Amino acid sequence: MTRLTHYLTHPWLTIRVQLALGIFFVVAALPKIVDPPSFAHMVYNYRIVPGQFVNLMGLTMPWIELLCGLALILGIWKEAARTIIAAMLVVFIVAISINLARGHAIDCGCFDPNPRPKSRAERVEDMQLVVVRDIGMLLMAGQLWWASRRSAQCAARSAQ
Amino acid sequence: MDLRKHLLEAATLIAAAVLCAVVSNGIASRERKLALVGAYPNALKVPAEAATAPLETTLPSVAPMTATATVALPAPSTAPMTATVATTTAASTAATPPPKSAPAAARPAITTTTAPAPAAADTLKRFQQHPDKAYVEIAYGGAAALHNAGALFLDARRTSAYEQGHIAGARPYSVWEADIDEKVKKLFAERSDPEQQALPIVAYCSGGECEDSHMLAQKLWGIQFNNVYVYKDGYPDWQKRGGAVRTGSTP
């Protein structure tokens with residue numbers, strides 16, 4: 001075990017990462033839960049989700065975010081919550097990247113389903129930042145996974 | 001065994017979230033409710049990027065109204081198949097107010113009010129049914145003429161935006177709220193007489209990239225309204241040019 005691994009999987013860091021990620025998701029979920037039609041519009045703007053599923057996704061995704069965020073904050077079922085969050089982040093990154101690649105500038109709707117009007121250039125810049133931010137959060141989820149795996153290994157070793 | 005537990009927990013979390021979503025939608029107020037199954041035929045169609053045209057730049061495209069042949073050329077790429085028709089009518093309707101509409105952006109409302117207002121019947125005659133296409137886009141000139149002639153205006157924006165201000169006489173028809181289909185059906189029942197069905201209806205939202213009005217027009221067309229217009233610059237343009245507005249939840 002290198003020193004770096006030790007620090008990166010240290011419980012002190014893990015608990016903070018877990019709380020931060022949980023808070024991020026709860027904060028992101030609340031405005032969308034309050035106004036589902038606006039968020040459904042955001043989902044529609046991505047032009048990736050088939051029409052029949054736009055509303056269903058607009059309704060359920062914020063609740064998944066909220067429950068997973070709460071699970072991380074409270075430390076209940078945190079592994080499952082972390083996995084779902086990681087999967088969602090991958091979906092977000094792919095969705096934004098597809099639209100960046102095809103030059104379709106949209107508002108991400110990540111934290112605010114009623115954004116102010118922006119220019120195309122501003123939107124593209126924001127989308128790039130969102131991809132970077134989401135990769136950062138994915139790394140946080142990765143840290144949680146790594147730390148839990150290591151602690152499981154340690155537990156198994158000490159049980160022998 | 002660990003993996004199974006993990007998946008079970010994840011599935012439970014998702015199921016709980018879906019349950020919360022359905023329950024909260026069930027008890028949500030009319031303005032915050034969504035129909036569970038969406039009906040958005042263009043959900044996978046990526047719109048052609050508008051050349052980041054702010055509102056003012058849409059004026060010149062209306063200005064060339066001399067030859068119909070040239071009108072097709074500057075057709076904005078935003079509107080899919082109706083683009084050419086849209087500009088043609090926009091040009092022809094813009095002809096009623098004084099033809100020098102180019103600097104109109106600088107001058108507010110007076111432009112249209114001073115124009116010799118044609119009799120309502122004449123105006124309505126100019127806006128004939130077009131059963132082959134869902135909608136025809138119009139600019140301020142056309143919208144103002146139709147407004148003067150007493151055409152029905154439908155506001156496709158969210159009800160909260162409607163309450164903050166809307167075109168006088170317009171009704172709230174937010175396409176993103178759950179009761180939209182019900183409202184459209186009601187309107188159809190209200191206008192069951194074929195003569196009334198032929199009357200023009202104008203849908204608008206907030207201009208720019210907003211396509212809620214187009215979505216509403218598609219819905220109206222789907223239920224056999226064949227004389228629908230989309231005021232493409234929408235409420236901000238109307239307000240800027242001093243058209244009559246109202247606030248509150250009633251038309």
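Numerical summary
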{"read-out": "Any hit, region A:113-135, residues being in a loop (DSSP other than H, G, I, E, B), under 27 Å from A:ASN55 (Cβ atoms) and either open to solvent by less than 20 Å² (accessible area, probe 1.4 Å) or touching a Lys or Arg at 6+ places or on another chain (Cβ under 8 Å) (or both)", "value": "yes"}
{"read-out": "Unique residue being of a type in the set (A, V, I, L, M), open to solvent by less than 40 Å² (accessible area, probe 1.4 Å) and under 30 Å from A:ARG120 (Cβ atoms) when the list is B:VAL202, B:VAL184", "value": "B:VAL202"}
{"read-out": "Filter result for A:TRP146 (part of a helix (DSSP H, G or I), at the interface with another protein chain (Cβ under 8 Å from one of its Cβ atoms) and among the aromatic types (Phe, Trp, Tyr))", "value": "no"}
{"read-out": "Those residues of region B:112-145 which are at pLDDT below 85, part of a loop (DSSP other than H, G, I, E, B) and open to solvent by less than 20 Å² (accessible area, probe 1.4 Å), in sequence order", "value": "B:ALA115"}
{"read-out": "Within region B:188-218, tally of residues that are more than 16 Å from B:TYR229 (Cα to Cα) and aliphatic (A, V, I, L, M)", "value": "1"}
{"read-out": "Subset of region A:83-112 [open to solvent by 60 Å² or more (accessible area, probe 1.4 Å), away from every other protein chain (no Cβ under 13 Å) and part of a helix (DSSP H, G or I)]", "value": "A:VAL90, A:VAL91, A:VAL94"}
{"read-out": "Residues of region B:1-41 satisfying the condition of being touching a residue at least 24 places away in the same chain (Cβ under 8 Å) and more than 7 Å from chain A (Cβ to nearest Cβ)", "value": "B:ARG30, B:GLU31, B:LYS33"}
{"read-out": "Region A:3-33, residues that are out of contact with any helix residue (DSSP H, G or I) (no Cβ under 6 Å at 6 or more places or on another chain), surrounded by 14 or more Cβ atoms within 10 Å (Cβ to Cβ) and modelled with pLDDT under 95", "value": "A:LEU8"}
{"read-out": "Matching residues in region A:19-35 - criterion: being part of a helix (DSSP H, G or I), of a type outside the set (A, V, I, L, M, F, W, C) and farther than 14 Å from A:ILE84 by Cα", "value": "A:PRO31, A:LYS32"}
{"read-out": "Count - residues of region A:36-52 that are among the β-branched types (Val, Ile, Thr) and either open to solvent by 80 Å² or more (accessible area, probe 1.4 Å) or not in a loop (DSSP other than H, G, I, E, B) (or both)", "value": "1"}
{"read-out": "Tally, over region B:222-242, of residues that are more than 19 Å from B:ARG126 (Cβ to Cβ) and either part of a strand (DSSP E or B) or among the small types (Gly, Ala, Ser) (or both)", "value": "3"}
{"read-out": "Total residues in region A:34-59, condition under 16 Å from B:ALA178 (Cα atoms), of a type in the set (Val, Ile, Thr) and facing chain B (nearest Cβ under 7 Å)", "value": "1"}
{"read-out": "Residue within region A:65-82 that is in contact with a helix residue (DSSP H, G or I) (Cβ under 9 Å, 6 or more places away or on another chain), in a loop (DSSP other than H, G, I, E, B) and open to solvent by less than 50 Å² (accessible area, probe 1.4 Å) present", "value": "yes"}
{"read-out": "Complete set of residues in region A:139-160 that are crowded, with 17+ Cβ neighbours inside 10 Å and free of Cβ contacts under 8 Å to residues at least 60 places away in the same chain", "value": "none"}
{"read-out": "Filter result for B:VAL230 (buried (at least 22 other Cβ atoms within 10 Å of the Cβ) and within 28 Å of B:GLY26 (Cα to Cα))", "value": "no"}
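Each row is one residue, and each column tells you yes or no for (1) in contact with a strand residue (DSSP E or B) (Cβ under 6 Å, 6 or more places away or on another chain); (2) part of a loop (DSSP other than H, G, I, E, B).
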residue: B:HIS147; (1), (2): no, no
residue: B:PHE153; (1), (2): yes, no
residue: B:LYS183; (1), (2): no, no
residue: B:SER192; (1), (2): no, yes
residue: B:GLY208; (1), (2): no, yes
residue: B:ALA217; (1), (2): yes, no
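Quick grid of which residues meet (1) modelled with pLDDT of 95 or more; (2) out of contact with any Asp or Glu (no Cβ under 8 Å at 6 or more places or on another chain):
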site	(1), (2)
A:GLY51	no, yes
A:MET57	yes, yes
A:THR60	yes, yes
A:GLU65	yes, yes
A:CYS68	yes, yes
A:LEU74	yes, yes
A:THR83	yes, yes
A:ALA87	yes, yes
A:ILE93	yes, no
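The values are calculated or read from the model by the stated rules, or taken from the named source; none is laboratory data. Keep in mind that this is a model prediction, so the values were computed, not measured. Don't worry about glycine lacking a Cβ; one is built from the backbone with ideal geometry, like all the others, and counts go over all protein chains shown. Please note that ligands, DNA and RNA were not included when accessible areas were found on the heavy atoms of the full protein model with its side chains. Shrake-Rupley method; radii C 1.70, N 1.55, O 1.52, S 1.80 Å.
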